[in-house]
Amino acid sequence: MSLINIILFYKKRAKFFNISIPVFILYLIAGFLVLLIPLTIYFVIATSHYAYTNRKVQVLNRENQMLKTEMATVRTQLETLSLKLQVLAELDAQIRIAANLDLLPKDVRQMGYGGSNDDIIAEVDNLIERARQQERSFQQLKSYLEQQSALLQHTPSIWPVAGWLSSGFGYRRSPWSGKSEFHEGIDIVAPAGTPIFATADGRVRSAGYKAGWGQYVEIDHGFGYLTFYAHCQTVRVRTGQNVKRGEVIATVGRTGSATGNHLHYGIKVAGNWVNPLNYILTESANR
């Protein structure tokens, strides 16, 4: 067996020690050291990677918890938004019933109701579609209400002059011939020069002088309404002019075939004369 002698000197005692070590032991020690180095490097790398991974997992766990909290907040907000859309849908239905309009189809009114949905993206898409449907419905209601507002503004509804009624609508005895005739409006007696008001918004269809009627004004209000004012002393508007309800358009007189100062006031609806008293909703003129 091959040996390697190692001589050691112990200085305190001034002695030498001789140690004999077999060569294969040295080979084993050298082999162990050769294996120890990469194992040490691997251990260091593995330990560092574990520490990095552990820190990353902790960060991800915190982020995941934050996301869960945010998702819970989002879901609560979505539920609140869904309830608000439901309230708007109910309000929409109430307005439609009050306005005598058809309700939205049942499948549209009940869209998104009845049960939870784990897919938050699907919930958001559903809410967006419900909001779009509600927006379209409110646009329709807005258009309808604007049209109704315009209709009210253009519907004759006030006394055309401050005075008293002297002759009603319908058949009467003619003050000229004494025969029965159809009176196409009402006569309102008032002092000469008393202001005459437009009874609704509209456009002057014609104004001037007409045989029998004297100075007159005719206003087209749209929506099938037309008003006629005759026997005026003066006319304050011109053909084509836009007028507003309550605006002075003429003054009371006795021009044309008139027995005294008064206003002949008539209303046509869809081309037919109607009783003006059915369209007077105020107690006095200029309202």
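The values are calculated or read from the model by the stated rules, or taken from the named source; none is laboratory data. On a predicted model such as this, the values are computed, not experimentally measured, just so you know. Neighbour counts are summed over all protein chains in view; Cβ atoms, including those assigned to glycine, are modelled from backbone coordinates with ideal geometry. Accessible surface is based on the protein model in full, side chains and every heavy atom, while ligands, DNA and RNA are left aside. Shrake-Rupley method; radii C 1.70, N 1.55, O 1.52, S 1.80 Å.
Within the stretch 256-271, the set of residues being in contact with a Phe, Trp or Tyr (Cβ under 8 Å, 6 or more places away or on another chain), closer than 17 Å to THR234 by Cα and crowded, with 18+ Cβ neighbours inside 10 Å comprises LEU263, HIS264, TYR265.
Of all the numbered requirements in (1) assigned to a loop (DSSP other than H, G, I, E, B); (2) open to solvent by less than 60 Å² (accessible area, probe 1.4 Å); (3) within 25 Å of GLN148 (Cβ to Cβ), ILE219 misses one, and that requirement is (1).
Step by step: first the residues of the stretch 183-207, then only those that are of a type in the set (Val, Ile, Thr) and in a loop (DSSP other than H, G, I, E, B), then the one that is farthest from ILE158 (Cα to Cα). Which residue is that? Among those that are of a type in the set (Val, Ile, Thr) and in a loop (DSSP other than H, G, I, E, B), it is THR194.
Can you find a residue in the stretch 275-286 that is acidic (Asp, Glu), at pLDDT below 95, open to solvent by 40 Å² or more (accessible area, probe 1.4 Å) and on the phi < 0 side of the Ramachandran plot? Yes; the residues of the stretch 275-286 include at least one that is acidic (Asp, Glu), at pLDDT below 95, open to solvent by 40 Å² or more (accessible area, probe 1.4 Å) and on the phi < 0 side of the Ramachandran plot. Looking across the stretch 233-259, the residues that are on the phi < 0 side of the Ramachandran plot, touching a Lys or Arg at 6+ places or on another chain (Cβ under 9 Å) and assigned to a loop (DSSP other than H, G, I, E, B) come down to THR239, GLN241, ARG245, GLU247. Candidates in the stretch 222-240 are the residues that are under 21 Å from LEU151 (Cβ atoms) and of a type outside the set (Val, Ile, Thr); of these, the one that is farthest from the chain's Cα centre (by Cα) is PHE228.
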